[in-house]
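Here's the structure we're looking at; comments come further down.
The values are calculated or read from the model by the stated rules, or taken from the named source; none is laboratory data. Remember, it's a predicted structure, so these values are computed and weren't measured experimentally. Here Cβ is always computed from backbone atoms with ideal geometry, including for glycine, and neighbour counts include all displayed protein chains. For the accessible areas, the whole protein counts, side chains as well, though only heavy atoms, and no ligand, DNA or RNA atoms are used. Shrake-Rupley method; radii C 1.70, N 1.55, O 1.52, S 1.80 Å.
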Amino acid sequence: GLLRVDHVGIAVADLDEALAFYDRAFGMRCVHQEVNEEQGVREAMLAAGDDGAGARIQLLAPLRPDSAIAKFLDRSGPGLQQLAYTVADVEAAAAALRARGLRLLYDEPRRGTAGSRINFVHPKDAGGVLVELVQPA
Ligand code: MC0
């Protein structure tokens, strides 16, 4: 099952500008940054508060015009793009959701942030929300 909210993903046009805004406006610090070529994103994980606890905010900027984030920005503009839950076993979680009739985007998990293994539920099968499953490394 789902263990907790892992992160909330926000599509942004420019990662450095967004990082500066989150620092200036909310005092949120970046705890991780990476490029994921397969997903076509530059991403940054932000933490609220000093205790390191709680869900992360993930800023997602497109690497390429044909990427999922570029398409999202074209259609919807910047804003909430995905809601990600931590799971212990992404294959088992995906199988359980498939058995309930939800479409998963990938047949096999792909690589997510920091070596995690990820899959997604199609937003049309989850009330208009792109749901990500994250099995941490
Ligand atoms: C599209 N739709 C969404 C949506 N994206 N609804 C809610 N949230 C979103 N993010 C809606 C469209 O408005 C459209 O609705 C309908 O879904 C179908 O759109 P489509 O034209 O069939 O599909 P696309 O081309 O827009 O693709 C949507 C899809 C894609 C979710 C399949 O974005 C995708 O493959 N996402 C998974 C990968 C991803 O998001 N990677 C970036 C994050 P109407 O009503 O107009 O029909 S990478 C990441 O997250 C990693 C690094 C990590 O966290 O570890």
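Round to the nearest 0.05 the FRET efficiency obtained for residue 64 and residue 17 when R0 = 22 Å and r is the Cβ-Cβ distance. Spell out each step's value before the answer.
Numbers: r = 19 Å, r/R0 = 0.85.
The calculated FRET efficiency here is 0.75.
Grab the DSSP H runs of the chain that are 4 residues or longer, score each as -39,500 (n - 2.57), total them, divide by all residues and round the 222 nm result to the nearest 500 deg cm²/dmol.
Rounded to the nearest 500, the figure is -6500 deg cm²/dmol.
At a temperature of 20 °C and a viscosity of 1.002 mPa s, determine how fast the chain diffuses translationally according to Stokes-Einstein, using the Kirkwood radius over alpha-carbon pairs as Rh; express D in µm²/s, rounded to the nearest whole number. Don't skip to the end; give the middle numbers.
Values: Rh = 15.3 Å.
Here the translational diffusion coefficient equals 140 µm²/s.
In nm, to one decimal, how far is the residue 124 label point from the residue 80 one, both placed 7 Å along Cα→Cβ?
2.2
Hey, what's the chain come to in accessible area per residue, 1.4 Å probe, Å²?
Working: 7510 Å² over 137 residues.
That works out to 55 Å² per residue.
Work out from phi, with θ = phi - 60° and the Karplus expression 6.51 cos²θ - 1.76 cosθ + 1.60, the ³J(HN,Hα) of each residue of the range 34-40, listed in order in whole Hz, and give x for Gly and Pro.
7, 9, 10, 4, 4, 7, x
Computed FRET efficiency, Cβ-Cβ of residue 26 and residue 95, R0 30 Å: what is it to the nearest 0.05?
The calculated FRET efficiency here is 0.20.
What is the angle, in °, between the Cα long axis of helix 15-26 and the longest principal axis of the Cα atoms in the chain? Nearest 10 is fine, range 0 to 90.
Result, in degrees: 80.
Please report, as a whole percent, how much of the solvent-accessible surface of the chain comes from carbon and sulfur atoms (probe radius 1.4 Å).
Within the chain, the accessible surface is 52 percent carbon and sulfur.
Efficiency by 1/(1 + (r/R0)^6): what FRET value for residue 53 and residue 33, r their Cβ-Cβ distance, R0 = 22 Å, to the nearest 0.05?
Calculated value: 0.60.
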